[in-house]
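Q: Quick one: this structure, given as structure tokens, is what I'll be asking you about.
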Amino acid sequence: MIAARVFLIFYLAISLSGCEQKSEAVVSPFNNLIVNPNSDSSDYRFVVFGHMRANHREASPNAVMREHVDRILESKPAFVMHLGDMYYHIDGGSMEAIQEWIQERIDAPFFNAVGNHDTMGGGYVDDNGEKVVGWHDTEVYQQRFGPLYYRFTLGSAMFIVLDTARDFGMSRAQRRFLEESVMRAQENVGIKNVFVFSHMVFWSYYNPDMQPLFQYRHPIHPPVDKNLFQDVVRPVLLPLITKKRVFLMAGDLGGGGSYLQTYYHRDKEFTYVATGMGRTSRDAFIVVSVVGDEVELEYRSFSGKGAAALTSFNAEYWNSFYLTHPQHAARVDRGFSARRPD
């Protein structure tokens, strides 16, 4: 009964968000903690990162996350936004285990932009060397953690969380949701910043300005005749940029030592950030500070070492890394080439 009540509050909050200047409190379906938009929220911080899963044998987060989870709480965030892939698969009690871990270790409201692994069963090679075929069950995810896409507001910001996890398109229902969210952001003069969270780094697909990110990231290759960002999402978001700032943040990075974990790009329309974990010393997260109408993005490593400006993790950085680490480039390029369409 308690879980059902929390889910109902979360559902109402995300459904009503943006209708008025005041909205319902948002309750995390992961640890039952509350983000209250009606509190004094002119100045606050939140934390963003993704891909905290371990391998298929572990239901808990990866070792870097387990060891350094306190780092993400040092800034006393108003909430934590995870960008997908909390666990490897939904088999073997993984969903229950990750929720229990979040409740025990993260004392800020926790949210998730659903990743492909978050709704996936199977998809691995077992101890006998047999491949367990992957499949997806979105219903079991929604029953425990709520809708696959949603929005809420806090202070001068609207947060739109998309479902990009299982294919390279967008359902009509989700597109209507995105259009409605943008309309409400436009109508609300108090909203100055719009954050669009997703798992897939879909805005990099076939984008020449982000070629190294598209080439060297965790290698998934969309069909050339589908461009979710250019064909669907960008046209919907464009009306916002005359009066509001738009940030797109995605978490499907990492996947091991040959991949980089942080990316930054800004053009005349949007600011783009990708942040994921690969169980390496480069694993990092982003602290976002909202001060009145202004936004500041800060890179922080989980280890506490290697301080750097977020803006330094640009295309030049990625190209330089793979030029000076040819062994990693060779491994990634093989994966990239194997998925390259004819």
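Q: Of the numbered conditions (1) of a type in the set (G, A, S); (2) modelled with pLDDT of 95 or more; (3) over 20 Å from the mean Cα position of the chain (by Cα), G134 satisfies every one except a single condition; which is it?
A: Going through the list (1) of a type in the set (G, A, S); (2) modelled with pLDDT of 95 or more; (3) over 20 Å from the mean Cα position of the chain (by Cα), G134 breaks only (2).
Q: Still on this structure: Name the residues in region 65-80 that are of a type in the set (G, A, S) and surrounded by fewer than 19 Cβ atoms within 10 Å (Cβ to Cβ), would you?
A: Taking region 65-80 as the starting set, the residues that turn out to be of a type in the set (G, A, S) are 75, 78.
Answer for region 65-80, where residues must be of a type in the set (G, A, S) and surrounded by fewer than 19 Cβ atoms within 10 Å (Cβ to Cβ): just S75.
Q: Turning to a different aspect of this structure: Filtering region 82-125 down to residues that are surrounded by 17 or more Cβ atoms within 10 Å (Cβ to Cβ) and β-branched (V, I, T), which residue is modelled with the lowest pLDDT?
A: By that ranking, first place goes to I90.
Q: Quick one: which of A97, A113 is among the small types (G, A, S) and closer than 30 Å to I191 by Cα?
A: Selected residue: A113, the only one of A97, A113 that is among the small types (G, A, S) and closer than 30 Å to I191 by Cα.
Q: Sticking with this one: Collect the residues in region 299-321 that are surrounded by 15 or more Cβ atoms within 10 Å (Cβ to Cβ) and either within 19 Å of A250 (Cα to Cα) or touching a Pro at 6+ places or on another chain (Cβ under 7 Å) (or both), keeping them in residue-number order.
A: Listed by number, the residues that qualify are Y299, R300, S301, F302, L310, F313, N314, A315, Y317, W318, N319.
Q: Restricting attention to region 255-280, which residues are over 21 Å from H68 (Cα atoms) and β-branched (V, I, T)?
A: T271, V273
Q: Turning to a different aspect of this structure: For region 156-174, what are the residues that are under 19 Å from Y205 (Cβ atoms) and of a type in the set (G, A, S)?
A: A165, G169, S171
Q: Oh, and also: How many of the residues making up region 276-298 are surrounded by 15 or more Cβ atoms within 10 Å (Cβ to Cβ), touching a residue at least 60 places away in the same chain (Cβ under 8 Å) and not polar (S, T, N, Q)?
A: 13
Q: With (1) at pLDDT 95 or above; (2) over 26 Å from G121 (Cβ atoms) as the list, and N31 as the residue in question, which single condition is left unmet?
A: Every condition holds for N31 apart from (2).
Q: Still on this structure, I have one more. Does region 196-212 contain at least one residue that is closer than 30 Å to A78 by Cα, more than 19 Å from the chain's Cα centre (by Cα) and at pLDDT 95 or above?
A: In the first step, residues of region 196-212 are kept if they are closer than 30 Å to A78 by Cα; the result is 196-204.
Checking the rest, the ones that are also more than 19 Å from the chain's Cα centre (by Cα) come to none.
There is no residue in region 196-212 that is closer than 30 Å to A78 by Cα, more than 19 Å from the chain's Cα centre (by Cα) and at pLDDT 95 or above.
Q: Okay, moving on. Kindly provide the set of residues from region 84-137 that are in a helix (DSSP H, G or I), among the acidic types (D, E) and within 16 Å of R57 (Cβ to Cβ), ordered by number.
A: Hit for region 84-137 is D91, nothing else.
Q: Select from region 57-83 the residues that are part of a loop (DSSP other than H, G, I, E, B) and in contact with a helix residue (DSSP H, G or I) (Cβ under 8 Å, 6 or more places away or on another chain) and write down the one among them that is nearest to V35 (Cα to Cα).
A: Step by step, filter region 57-83, then rank; the result is S60.
Q: Keeping to region 216-233, report how many residues are crowded, with 16+ Cβ neighbours inside 10 Å, over 18 Å from Q261 (Cα atoms) and modelled with pLDDT of 80 or more.
A: So the answer is 5.
Q: If you don't mind, another one. Residues being buried (at least 20 other Cβ atoms within 10 Å of the Cβ) and either without any contact (Cβ under 8 Å) to a residue 40 or more places away in the chain or within 19 Å of the chain's Cα centre (by Cα) (or both): count how many of those fall in region 234-245.
A: So the answer is 1.
Q: Could you look through region 126-160, keep only residues that are surrounded by 13 or more Cβ atoms within 10 Å (Cβ to Cβ) and aliphatic (A, V, I, L, M), and pick out the one that is farthest from L240 (Cα to Cα)?
A: It comes out as V132.
Q: Where in region 140-240 are the helices (runs of 4 or more DSSP H), entirely inside, with at least 3 residues that are under 23 Å from R53 (Cα atoms) and out of contact with any strand residue (DSSP E or B) (no Cβ under 9 Å at 6 or more places or on another chain)?
A: 211-216
The values are calculated or read from the model by the stated rules, or taken from the named source; none is laboratory data. Predicted, not measured: the structure shown is a model, and the values here were computed from it. Because the Cβ atoms are built from the backbone with ideal geometry, glycine has one as well, and the counts that use them run over all protein chains shown.
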